[in-house]
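Contents: one structure, followed by commentary.
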Amino acid sequence: MSRHVLVLNCGSSSIKYQLVDVADGSAASGGLIERIGEQGGHLHHDGPDGELDRDEAIADHEAGLAAVLAAFVETGASLTDYGVGAVGHRVVHGGDRFAEPVLITDEVVDTIEAVSDLAPLHNPANLAGIRVARAALPDIAHVAVFDTAFHQTLPPHAFTYAVPEVWRTEHGVRRYGFHGTSVKYVSRKAAEVLGRDAGDCNLVVLHLGNGASATAVAGGCSVDTSMGLTPLEGLVMGTRSGDIDPAVVAHLIRVAGLSAEDVDDQLNRHSGLSALAGANDMRDVHRRADSGDQAALLALEVYCYRVRKYIGAYHAVLGRLDALVFTAGVGENDPDVRARSVAGLEPMGIQVDPARNHSPNGDARTISPDGAAVAVLVVPTNEELEIAQQALIAAAQP
Ligand code: ADP
């Protein structure tokens with residue numbers, strides 16, 4: 001079996017891809033196609049023998065994938081030369097139908113389509129990628145890896161919303177959770193840092209990237225998570241509000257004349273740090289706060305306060321907490337957010353050591369003081385490697 005896996009992450013107008021060498025976790029090649037079907041199509045590809053960066057009109061996902069395959073050839077080696085063992089497709093929503101990565105068949109495609117109402121922006125794009133990749137690479141195993149799958153272990157009391165039965169039974173309204181691929185990878189790495197078996201560790205994983213979520217992991221299984229039916233619930237994010245009173249939606253439809261779609265769009269794309277600070281990137285929020293911008297400072301405080309609330313809630317969910325784990329763009333790189341998020345939690349045994357917290361070391365590491373009751377860790381995530389590993393495992397199954 002080859003050790004290379006092509007990981008594909010298809011959005012509505014983009015294709016992100018990486019050729020992952022599972023043996024050492026490195027990316028042999030990778031790139032991004034943007035603005036598919038729009039003006040200003042663009043291809044960026046990093047290969048072992050060179051880099052491509054050019055404007056290129058890309059009509060649809062089929063043309064996009066053809067451009068990806070051509071980019072491999074142009075920069076030294078075709079996918080066939082690598083002997084790719086599997087294609088791993090990132091799929092956002094598996095509903096309650098997929099608790100594991102799955103070898104893609106026509107039936108699996110139909111099932112992903114059947115749950116697409118739950119992720120109308122993401123799943124159709126993921127499916128477009130699956131269709132064109134299966135057609136272009138028919139002799140390779142294709143595997144779907146779901147953002148929701150790791151959270152299928154949530155107990156009913158954690159995934160059930162207290163809403164009318166028909167919403168739950170007919171319309172799939174419940175907590176699903178996302179970022180599962182990242183949380184699974186990071187949980188395993190955290191157990192390695194702690195020198196313990198994953199089955200023995202109780203963790204709170206804080207995936208703080210553009211999207212952000214908190215997950216309570218008990219003995220390697222997700223038992224609660226902050227994102228819900230969609231990724232909107234929970235922590236404050238770059239452009240998403242996270243938790244708000246659900247009555248806000250009807251209130252705005254009534255008093256501001258907005259449509260349900262307007263409110264949904266505003267909550268997902270124009271809220272969060274972007275609404276509070278005028279910038280969705282945490283580095284910009286810091287720059288503004290450092291120069292005395294009070295709105296940016298408030299955004300930072302709201303963001304970290306929400307993280308702190310979830311740490312407390314999930315500590316209670318788990319009873320015993322072994323480690324708090326920061327990951328993703330903000331979690332891995334932002335000592336100020338980490339320090340603010342745990343400020344005042346010393347009585348719960350949670351604190352960071354300032355020197356360790358500010359160390360620029362990019363490896364998985366401990367940033368709490370020696371002997372702390374709860375370890376605080378920074379663990380770089382690697383969703384592509386996790387998808388690649390899972391895809392090879394699923395492809396090898398009879
Ligand atoms: P995604 O959720 O898209 O995978 P990432 O996990 O890469 O995103 O996180 C991206 C975000 O991480 C950026 O929008 C930015 O806010 C934040 N980020 C990246 N580097 C830093 C840094 N050095 N300090 C603070 N925040 C950072």
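Restricting the calculation to Cα atoms, region 131-203 shows an Rg/Rh of 1.14 when the hydrodynamic-style radius is the Kirkwood one. Based on the Stokes-Einstein relation at 4 °C and a viscosity of 1.567 mPa s, and on the Kirkwood radius from alpha carbon pairs, the chain is assigned a translational diffusion coefficient of 59 µm²/s.
The antiparallel fraction among DSSP beta bridges confined to region 47-189 stands at about 35%. Direction-averaged projected area, Cα convex hull, region 1-86: 5.1 nm², rounded to one decimal. From helices alone, the chain scores -11500 deg cm²/dmol at 222 nm; the rule is -39500 (n - 2.57) for each run of n ≥ 4 DSSP H residues, then divide by the residue total.
Entry for region 184-333 at q = 0.20 Å⁻¹: log10 I(q)/I(0) = -1.16, Debye formula applied to identical alpha-carbon scatterers, no solvent contribution.
Show log10 I(q)/I(0) for region 297-340 at q = 0.27, 0.30 Å⁻¹, two decimals, from a solvent-free Debye sum over equal Cα scatterers. Log-scaled intensity ratios, in q order: -1.04, -1.12.
Which percent of the Cα-Cα distances in region 114-171 go past 14 Å? Result: 70 percent of Cα pairs exceed 14 Å. Sequence-distant contacts, meaning Cα pairs under 8 Å at least 6 residues apart, place the relative contact order of the chain at 15 percent.
For region 134-181, the set of chymotrypsin sites (Phe, Trp or Tyr not before Pro) satisfying both a DSSP loop assignment and a count of at most 14 other C-beta atoms within 10 Å is given as 161. For region 252-306, pairs of C-alpha atoms spaced more than 19 angstrom apart make up 37 percent of the total. With Cα atoms as the point set, the radius of gyration and Dmax of region 1-156 evaluate to 15.6, 51 Å. Orientation-averaged projection of region 175-251 equals 5.2 nm² [convex hull of Cα atoms, one quarter of hull surface area]. What is the antiparallel percent of DSSP beta bridges lying wholly in the chain, to the nearest 5? Antiparallel: roughly 70 percent of the beta bridges in the chain. Annotation: Cα Rg of region 84-138 relative to the compact-globule expectation 2.2 N^0.38 Å equals 1.07. Cα centroids of region 220-268 and region 9-35: 30 Å apart. With the convex hull drawn around the C-alpha atoms of region 275-398, the volume per residue stands at 157 Å³.
When both region 130-209 and region 41-83 are represented by their alpha-carbon centers, they are found 30 Å apart. If you restrict to DSSP beta bridges whose two residues both lie in region 188-335, what percentage is antiparallel, to the nearest 5? Restricted to region 188-335, the bridges split so that about 70 percent are antiparallel. Ranking 82, 69, 253 by Cα position along the charge dipole of the chain, where only Lys, Arg, Asp and Glu carry charges on their C-beta atoms, puts 253 farthest toward the positive end. Sequence-distant contacts, meaning Cα pairs under 8 Å at least 6 residues apart, place the relative contact order of region 284-381 at 26 percent. Of the listed residues 304, 221, the order by accessible area with a 1.4 Å probe, largest first, is 221, 304. Entry comment: accessible area of region 60-131 is 43 Å² per residue, from protein heavy atoms only and a probe of 1.4 Å. Whenever you get a sec, compute what percent of the accessible area on the chain sits on carbon and sulfur atoms (1.4 Å probe). About 51 percent, which is the carbon plus sulfur part of the accessible surface.
The values are calculated or read from the model by the stated rules, or taken from the named source; none is laboratory data. Quantities reported herein were computed from a predicted structural model and do not represent experimental measurements. Reconstructed Cβ throughout: ideal geometry from the backbone, glycine too, with neighbour counts over all protein chains shown. We work out accessible area using only protein heavy atoms, side chains counted, and drop any ligands, DNA or RNA first. Shrake-Rupley method; radii C 1.70, N 1.55, O 1.52, S 1.80 Å.
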